[in-house]
Amino acid sequence: MRPAQALIDLEALRHNYRLARQLGGGKALAIVKADAYGHGAVSCARALQDEADGFGVACIEEALELRQAGIRGPILLMEGFFDAAELPLIVEHDLWTVVSSLWQLEAVEAFKTDATLRIWLKLDSGMHRLGLSPEEFRDAHARLSVLPNVGPLVMMSHLARADELGSNRTHEQLEVFNRAIDGLEGETSLCNSPALLGWPDVRSDWVRPGLMLYGADPLYPQSSPHAAQLRPVMTLQSRVIAVRELAVGEPLGYGARFVADKPTRVGVVAMGYADGYPQFAPNGTPVLIDGVPGQLIGRVSMDMLTVDLTDHPQAARGSIVQLWGSAPTISELAPRCNTSAYRLPCSLKRTPRVYISG
């Protein structure tokens, strides 16, 4: 069996959720959209469901997968519904939904049901993606508040630049949000992962940890006193499947991106970009070889990559190569590979996940 695998530490996941909830000081919606950022939504939700206040997904398809797997806690559709025909399903499966546009508001007003709809009303406070303008928001709040089939509202927005600690945009958005909700009844939800870690003066009743839930630091390389408490949830690893010796001047792999300037011992690893490892990781990208720091050499191919074993005399076929996890972390790896820590775990494809309960 091919040795590539992603080890998922569910106790680390629970630890990170508890940290997010503690930092937020209220309730925390565990964001498990996009298959829990590549970690497996069903398994992650099961690991958290005894303590999570709720879960966030992008769409009804993701919500139904959780319901069919037996997840019974609150599930919020963070993009809301895409068609009014989804409203009966929202009621049937007891889902919460975001309302971020006037057509959604009108669909809720026209929908007849004896059930109570739980709605998160979204303000565009400056990201200019989804959300109502401040004027529309206050009007929508008034219209929803008089509907007998709508429960208490949660008023939400999304921060566009909370991962930039030197930017004023977060406080500008907070000011817009506070003005828009002034005097309105309902709980609030504003904080994402970077706000929780880097903006202690920005808080809300509900927080929405995403990337930090999986142990990655969205503020890296900026400093954050709380990021050091995060525990990586995913360890991506494989094994050396062949060892080669290169003479001085010999090229390695596609495009001869690496040429040996000294006798070089090479380990061929069963891991490639089809597994989700970044194709353009440069020479020198850190790895661990049997727990000892090492480096990648040569171009990453579809199914294999190569590492330098010259200074690892004990390494051989079968040696474990860690591509990310405790070291290198995905936050450290991503900028080296001209990508983001959000994208790396989401890129996993055929690599099987192995769950560790902790």
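The values are calculated or read from the model by the stated rules, or taken from the named source; none is laboratory data. In this text the structure is predicted, and so the values were computed from the model without any measurement. Cβ sites come from the backbone with ideal geometry, for glycine too, and all protein chains shown count toward neighbours.
Here's the yes/no breakdown for (1) within 20 Å of VAL202 (Cβ to Cβ); (2) touching a residue at least 60 places away in the same chain (Cβ under 8 Å); (3) of a type in the set (Gly, Ala, Ser); (4) outside any strand (DSSP E or B):
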residue	(1), (2), (3), (4)
ILE8	no, yes, no, no
LEU13	no, yes, no, yes
ALA30	yes, yes, yes, no
ALA36	no, yes, yes, yes
ALA52	no, no, yes, yes
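The condition of being closer than 28 Å to HIS15 by Cα, in contact with a Lys or Arg (Cβ under 9 Å, 6 or more places away or on another chain) and surrounded by fewer than 15 Cβ atoms within 10 Å (Cβ to Cβ) holds for only one of GLU51, GLU109, GLU61, that being GLU51.
Can you tell me which residues in region 64-81 are farther than 19 Å from VAL233 by Cβ and surrounded by 20 or more Cβ atoms within 10 Å (Cβ to Cβ)? Passing the criteria: ILE75, LEU76, LEU77, MET78, GLY80, PHE81. Taken over region 119-172, residues that are part of a strand (DSSP E or B) and within 16 Å of TRP103 (Cα to Cα) amount to 6. Within region 165-186, the residues that satisfy the criterion of being surrounded by 14 or more Cβ atoms within 10 Å (Cβ to Cβ) and either aliphatic (A, V, I, L, M) or modelled with pLDDT under 95 (or both) are LEU165, LEU174, VAL176, ALA180, ILE181, LEU184.
Going through region 23-35 one residue at a time, which ones are crowded, with 24+ Cβ neighbours inside 10 Å and farther than 16 Å from LEU230 by Cβ? Answer for region 23-35, where residues must be crowded, with 24+ Cβ neighbours inside 10 Å and farther than 16 Å from LEU230 by Cβ: LEU29, VAL32.
Yes/no per residue for (1) farther than 22 Å from CYS59 by Cβ; (2) outside the structural domain of PRO88 (by TED's automatic domain parsing); (3) touching a strand residue (DSSP E or B) at 6+ places or on another chain (Cβ under 6 Å):
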residue	(1), (2), (3)
LEU105	no, no, yes
ALA115	no, no, no
PHE137	yes, no, yes
SER167	yes, no, no
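Confirm whether ALA270 is touching a strand residue (DSSP E or B) at 6+ places or on another chain (Cβ under 9 Å), closer than 16 Å to GLN5 by Cα, assigned by TED's automatic domain parsing to the domain that holds TYR342 and at pLDDT 95 or above. In short, yes.
Examine region 205-222 for a residue that is without any contact (Cβ under 8 Å) to a residue 24 or more places away in the chain and either touching a Ser or Thr at 6+ places or on another chain (Cβ under 7 Å) or not assigned by TED's automatic domain parsing to the domain that holds ARG336 (or both), and state whether such a residue exists. The answer is no; no qualifying residue exists.
The rows are residues; the columns are (1) touching a Lys or Arg at 6+ places or on another chain (Cβ under 7 Å); (2) among the acidic types (Asp, Glu); (3) in contact (Cβ under 8 Å) with a residue 60 or more places away in the chain; (4) surrounded by 15 or more Cβ atoms within 10 Å (Cβ to Cβ).
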site: ASP275; (1), (2), (3), (4): yes, yes, yes, yes
site: THR310; (1), (2), (3), (4): yes, no, no, yes
site: GLN314; (1), (2), (3), (4): no, no, no, no
site: SER331; (1), (2), (3), (4): no, no, yes, yes
site: ARG336; (1), (2), (3), (4): no, no, no, yes
site: ALA341; (1), (2), (3), (4): no, no, yes, yes
site: SER347; (1), (2), (3), (4): no, no, yes, yes
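Comparison of SER204, SER189, SER238 shows that the only residue that is assigned to a loop (DSSP other than H, G, I, E, B) and surrounded by 22 or more Cβ atoms within 10 Å (Cβ to Cβ) is SER204. Residue selection: PRO209 fails the criterion of being out of contact with any strand residue (DSSP E or B) (no Cβ under 8 Å at 6 or more places or on another chain), crowded, with 16+ Cβ neighbours inside 10 Å and either within 25 Å of TYR355 (Cα to Cα) or modelled with pLDDT under 95 (or both). Based on what the data block shows, is GLY298 crowded, with 22+ Cβ neighbours inside 10 Å and more than 24 Å from MET212 (Cβ to Cβ)? Spelling it out, GLY298 is indeed crowded, with 22+ Cβ neighbours inside 10 Å and more than 24 Å from MET212 (Cβ to Cβ).
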